[in-house]
Amino acid sequence: MITPRAAAHATALPPARLPAYVHDLDALDTHARAVRAALPPAVELYYATKANPAPELLAVLAPHVTGFEVASGGELAHVRRTVPGRPVAFGGPGKTEDELRLALALGAERLHVESPHELRLLTALARDHPAGPAGRPVDVLLRVNLPLTDGERGGAALTMGGRPGPFGLDPRDAEDCLRLLRAPLRLRGVHAHLASGLGAAAQLAVARRVTAWARDLAGRHALPGPLEVNLGGGMAVDYTRPQERFDWAAYGKGVADLAARHPGTVLRIEPGRSLTAYCGWYVTEVLDVKHSHGHAFAVLRGGTHHLRTPVAKGHDQPFTVLPVAGWERPWPRPAARDEPVTLCGQLCTPKDVLARDVPVAELRAGDRVAFALAGAYAWNISHHGFLMHPAPTFHFLPRAARTARTPRTA
Ligand SMILES: *Cc1c(COP(=O)(O)O)cnc(C)c1O
């Protein structure tokens, strides 16, 4: 569950450097390469930056992805700085006028338009902008909120679409937007990010529906091709089975079939969590172990102000115990043995729980714990300021030099 090099690094850190976020960039490189290889070459892979915008991760991902999806002006500027020259797609509800201006100034390659008002505003700003009518066109995709069947929604952890919500356009408004479209805006296609936490079969069902809807729209309005269909992200990460991964092979095969059925269509995906979750661990130490009314509790240095993921998603964050031998104190070492333990943080709230009632063989004060799947939606979604504890330290284990090279063919 933790790579040997990440475990070795986590074990060697002095206690004063805990908690620590340890990232294995080699593991990320290998995983991203495998994801890319499972997809047909023509399918574009964007990384949803909001999952984890750490520059070290973006640099490792850059050679494997077509571009980066950003959801704020901050992310847009960050990606332009960190991985300059890589295509960006800017989406998200509630873009401010300043953010739209920034997108025009930085030449964001794609803008995902989420409402008729936003389309009008962007058109007005683009006309005023120096890169406006005389300059290059502003390429947009309409983000639509298409209905999902129960089967398609089944198992989704979060749904951004398929039901009433602030994300994207009602399909009826999409038709109105087509009538509002004016130069310098140029419609390139449709974007739909409808649910997250779907397995490959459900993702493919959604992909087929979105593509069929987009082709139908393009046909009715005689849009010039090629039609771009951004199928969104949301490929499942299973926090209850951290060794399992989304079935990229089955998904790749399914989107290859889909692309073959719709020639003249560019398919694009923009996963976040399923790319970076596996490369990060939140490592800390057990400060105390106690029994309260028959239940064992381990109190850890740090907590959900560093790793909010288990609270945000309502799960137990999977973890590995890294035993630390030796106990210097003259009194007995607090411990839990062969029993379920609840792992809590230092915050003065009963919500500061990272994992609840998880059976352990042994967990003692001074042992270390490495929480897995902490490479995405972890530090960056957490409420760091609460209680003024120190921040964790951050570690990015570099990629091992690759000596074996693929021989070039003439
Ligand atoms: C968050 C988000 C993604 C990425 O979702 P994951 O579940 O991390 O794969 C992709 N597209 C949009 C529009 C998003 O908001």
Return a yes/no flag: does segment 83-103 have any residue that is of a type outside the set (Phe, Trp, Tyr), in contact (Cβ under 8 Å) with a residue 12 or more places away in the chain, assigned by TED's automatic domain parsing to the domain that holds THR211 and closer than 21 Å to HIS221 by Cα.
no
If I filter segment 123-141 for residues that are in the same structural domain as PRO224 (by TED's automatic domain parsing), within 14 Å of the ligand (Cβ to nearest atom) and at pLDDT 95 or above, do I get at least one hit?
yes
GLY165 under 26 Å from the mean Cα position of the chain (by Cα) and either part of a helix (DSSP H, G or I) or buried (at least 18 other Cβ atoms within 10 Å of the Cβ) (or both):
no
Per the list (1) in contact (Cβ under 8 Å) with a residue 60 or more places away in the chain; (2) buried (at least 22 other Cβ atoms within 10 Å of the Cβ); (3) closer than 30 Å to ALA20 by Cβ; (4) within 15 Å of the ligand (Cβ to nearest atom), residue check on TRP248 breaks on (2)
Listed by range, strands (runs of 3 or more DSSP E) wholly within segment 269-335 having at least 3 residues that are buried (at least 24 other Cβ atoms within 10 Å of the Cβ) are 280-292
Sort out which residues of segment 168-210 are within 16 Å of the ligand (Cβ to nearest atom), closer than 29 Å to PRO137 by Cβ and part of a loop (DSSP other than H, G, I, E, B), and write them in order of number.
GLY168, ALA192, HIS193, LEU194
Taking segment 146-162 and keeping residues surrounded by 13 or more Cβ atoms within 10 Å (Cβ to Cβ) and more than 22 Å from GLY94 (Cβ to Cβ) leaves PRO147, LEU148, GLU152, ARG153, GLY154, GLY155, ALA156, ALA157
Can we say ALA156 is under 27 Å from PHE246 (Cβ atoms), more than 16 Å from the ligand (Cβ to nearest atom) and in contact (Cβ under 8 Å) with a residue 40 or more places away in the chain?
no
Quick one: would you say VAL113 is in contact with a helix residue (DSSP H, G or I) (Cβ under 6 Å, 6 or more places away or on another chain), within 27 Å of ALA195 (Cα to Cα), within 16 Å of the ligand (Cβ to nearest atom) and assigned by TED's automatic domain parsing to the domain that holds ARG209?
yes
Could you list, in sequence order, the residues of segment 37-94 that are away from the ligand (no atom under 11 Å from the Cβ) and β-branched (Val, Ile, Thr)?
VAL43, VAL60, VAL65, THR66, VAL79, THR82, VAL83, VAL88
Any chance you could count how many residues in segment 103-134 are more than 23 Å from the chain's Cα centre (by Cα) and outside any loop (DSSP other than H, G, I, E, B)?
15
For ALA325, state whether it is without any contact (Cβ under 8 Å) to a residue 60 or more places away in the chain, over 18 Å from the mean Cα position of the chain (by Cα) and within 26 Å of LEU111 (Cα to Cα).
no
Scanning segment 216-245 residue by residue, those outside any helix (DSSP H, G or I), touching a Leu at 6+ places or on another chain (Cβ under 7 Å) and away from the ligand (no atom under 16 Å from the Cβ) turn out to be HIS221, LEU223, PRO242
I'd like to know if segment 298-316 contains one or more residues that are more than 27 Å from ALA20 (Cα to Cα), in contact with a strand residue (DSSP E or B) (Cβ under 9 Å, 6 or more places away or on another chain), in the same structural domain as ASP357 (by TED's automatic domain parsing) and at pLDDT 95 or above.
no
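The values are calculated or read from the model by the stated rules, or taken from the named source; none is laboratory data. Computed from a prediction, not measured in an experiment: that's the story for all the values here. Heads up, the Cβs are rebuilt from the backbone with ideal geometry, glycines too, and the neighbour counts pull from every protein chain shown.
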